[in-house]
Structure formats: structure tokens, C-alpha cells
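Asker: The following block contains the structure, expressed as C-alpha cells.
The values are calculated or read from the model by the stated rules, or taken from the named source; none is laboratory data. All values reported here derive from a predicted model rather than from experimental measurement. When we count neighbours, we look across all protein chains shown, and the Cβ atoms used for this are built from the backbone with ideal geometry, even at glycine. Surface accessibility is based on the protein's heavy atoms, side chains included, excluding ligands, DNA and RNA. Shrake-Rupley method; radii C 1.70, N 1.55, O 1.52, S 1.80 Å.
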Amino acid sequence: MRLWNSRETALNEALNGIKRACPGKYTRLETEYGYGLYRNNISSNRVRIIVDGGGGYGHMWSAFAEEGLADAMVHGNFDSAPNAYVLYEMAKNIDCGKGILFLTNHYMGDYLNNDMAEELLAHDNINAAMCCISDDILSCEGEIAENRGGLHGIGQVCKICAGAAREGYNLEQLSKLASKSNSRVRSVSLNVREGKLFFGEGFSGEPAVKEKVFESVDQMFSDAVDILLSELGLWKDCPMYLSVNNHCNVGFTESMVLLESAAKQIEERKIKLCGCAAGTYFDVFDGKGCILSLIACDEEMQKYIAPVNGYGYVI
């Protein structure tokens, strides 16, 4: 059960609630075909960043139009990709002549609609680029990495790009940085129920790739960190930024226990931890558990990876 008036009105009312909580900070994009929000205090004369995806229950996406993250966000209805024309209209509203970078998770509907928005903008002589985030390492086990879906690693890619945009990166440079950051971020979903730990369950009902008896939080993260580091390959010894995305039924104290346990696993492996955060960003799993995400940073990425404070969260 969700606490709202109706599923049909919830997303519209939520955006109005964000505007009410942050007076003067945001403008809503007027559209009948989706939901868009952009910041009023965007720095002039730089590339704009739009983050987008299907409508959800957590901070992704409506709360990601934030200083240090995206300049604007667009989302569709619940579990539906954003409309290409809404993406196009948002880009036209905030463009200052430096170009638009779209960041979205790697799902077919999101890819197609971002790609179409990019084409529409090209007809208006507005430069745009897209990066589809594919950090979910168990979503396509045995297939090439480019086929993977995205989880909450997009938050790290977004803030890295936001920092670089502030420093004057052009669209081509920013697009390359987004692609590099995406190539170095890995995430895995961890679900706990009935005394068992399930690795890699999908939020659309895909079965777990692996399961075992749940022993402890420390053992859960020991296994998860080993999986992520093995996927990072040559970058496994680089400085890491760690992010824990809590599932719906995880409380604050549990969240901090999860964060501390995951961070200890990194430190025990003699790997530098260049930052960490925990929160409910991608609110797609009921029950107990989390999504653990690591991004292996080079010197360029470390300049922009510091935690960002949004409305009701730190990422």
C-alpha cells in the first residue's frame, strides 16, 4: 500500500510538493505528456545536464535536479520511459548554446526516447549527446557489458559530469567523461528474505542469479565486494566511491550499519575509499536489502566525486 490519493495523480502531486518545499528553486515544464522539472539558478554559459527515466518512488528522478547533479530532470509515468518530446522540450528550455548531455539508465524505452530527442534537437541545431548507464552487473550475466541495465550508479556519473561542466568542459569532453565513468561503475542488488540472500534479482521480477544462506551483513558485503571487484578487473585497486541504495523496508540505523559494513570490506582489502553515502535513491525493491555500487576513480574523476547534498538525501 502506498500513501497517496491515487496512483494516477501521485507523480503530479509529488512535483508540486517538491516545488512547495523549495520555493523559488524550480520551474515545472508545462506538458501533458510527462513530468519535467528544472532549476532556476543554473549557471550560465555551460553544458546542461538532463537526467531522466521512468517514474518511481524514490529520489530518482524528481529530486536529482539539484546543484551538483543535474540541471533538469524528466520522468515518465510509473515504470514508463520519459516521452521523447518532453525531453526535447526540456532541452530547448534550458539550452544556452553549449549543448545538452542526457543521462539515462540503459533500458530500451529510455534509450529510444533519448535518441529521438537527440535527433529532434539536431534539427533545431542544438548539439546533444547521450550516455546510457549500465552498472547492473548481474542483469545480463554471460553477455557483453553493453547489454546490461542500470541501477543507481547513474548518481555518481551525474555528479562527476556536473562538476566537470562547472569547470567548463565542452559537450564532447563531457560525453567522453560520462562514458568513462560509466565503464568504471558496478552495482549489484542484494535481497534478504526467509533467511536467504539473493544476488542480482531484477526489479521487474527477474530471478536471482545466485542465492545462499544469509549469515550476517558483513558476510553479505564480503561476497558482494568480491563480485564487484572481480568485475572491475584492472581498476579493482583504484580509489573507490561506495554507495549503498537501501530497499524500502530498511530503516536509518540499518542503513548506517550497511554503510559501515560495506566500507570496512573495502578498507580491509587495502583499497582507498574516496567517499561513501547511503540513501534510498532508486526505490524499486520492497523488503530488506540494498544495492551496492562501487565506482573506481582515476584522478580526473576524483576531482568531482565528493558527496552531494540534495533534498532529503546525500549521494
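Asker: Among what's in segment 301-315 and is touching a Ser or Thr at 6+ places or on another chain (Cβ under 9 Å) and outside any loop (DSSP other than H, G, I, E, B), pick the residue that is nearest to Phe214 (Cα to Cα).
Answerer: Among those residues, the one meeting the criterion is Tyr313.
Asker: I need the full set of residues from segment 80-96 which are open to solvent by 20 Å² or more (accessible area, probe 1.4 Å) and either in contact (Cβ under 8 Å) with a residue 40 or more places away in the chain or under 14 Å from His152 (Cβ atoms) (or both), in order please.
Answerer: Listed by number, the residues that qualify are Asn83, Tyr85, Glu89, Asn93, Asp95, Cys96.
Asker: For segment 44-65, enumerate the residues that are open to solvent by less than 50 Å² (accessible area, probe 1.4 Å) and either more than 22 Å from Asn77 (Cβ to Cβ) or assigned to a strand (DSSP E or B) (or both).
Answerer: Answer for segment 44-65, where residues must be open to solvent by less than 50 Å² (accessible area, probe 1.4 Å) and either more than 22 Å from Asn77 (Cβ to Cβ) or assigned to a strand (DSSP E or B) (or both): Arg46, Val47, Arg48, Ile49, Ile50, Val51, Asp52, Gly53, Gly54, Gly55, Ala65.
Asker: Evaluate the following for Ile271: is it β-branched (Val, Ile, Thr) and either closer than 24 Å to Ser139 by Cα or at pLDDT below 95 (or both)?
Answerer: No; evaluated as a whole, the condition is false for this residue.
Asker: Of all the residues that make up segment 1-43, how many are among the β-branched types (Val, Ile, Thr) and outside any helix (DSSP H, G or I)?
Answerer: 3
Asker: Within segment 255-294, how many residues are among the hydrophobic types (A, V, I, L, M, F, W, C) and touching a Cys at 6+ places or on another chain (Cβ under 9 Å)?
Answerer: Residues meeting the conditions: 10.
Asker: Separate question: What number of residues within segment 66-97 satisfy the criterion of being outside any strand (DSSP E or B) and either in contact with a Pro (Cβ under 6 Å, 6 or more places away or on another chain) or not charged (D, E, K, R) (or both)?
Answerer: 17
Asker: Right, something else. Among the residues of segment 233-255, is any part of a helix (DSSP H, G or I), touching a residue at least 40 places away in the same chain (Cβ under 8 Å) and open to solvent by less than 50 Å² (accessible area, probe 1.4 Å)?
Answerer: No, because not a single residue in segment 233-255 is part of a helix (DSSP H, G or I), touching a residue at least 40 places away in the same chain (Cβ under 8 Å) and open to solvent by less than 50 Å² (accessible area, probe 1.4 Å).
Asker: How many residues, within segment 99-147, are outside any helix (DSSP H, G or I) and farther than 22 Å from Tyr85 by Cβ?
Answerer: Residues in segment 99-147 being outside any helix (DSSP H, G or I) and farther than 22 Å from Tyr85 by Cβ: 12 in total.
Asker: It is to be established whether one or more residues within segment 18-28 are closer than 19 Å to Asp283 by Cα and in contact (Cβ under 8 Å) with a residue 60 or more places away in the chain.
Answerer: Yes, there is a match, as at least one residue in segment 18-28 is closer than 19 Å to Asp283 by Cα and in contact (Cβ under 8 Å) with a residue 60 or more places away in the chain.
Asker: Would you confirm whether or not segment 278-294 contains a residue that is farther than 22 Å from Ser134 by Cα, outside any strand (DSSP E or B) and at pLDDT 95 or above?
Answerer: The answer is no; no qualifying residue exists.
Asker: Taking segment 66-79, which residues are farther than 19 Å from Gly312 by Cβ and open to solvent by 10 Å² or more (accessible area, probe 1.4 Å)?
Answerer: Asn77, Phe78, Asp79
Asker: So Lys270 passes all but one of these: (1) surrounded by 17 or more Cβ atoms within 10 Å (Cβ to Cβ); (2) more than 18 Å from Met60 (Cα to Cα); (3) not aromatic (Phe, Trp, Tyr). Which condition number does it fail?
Answerer: (1)
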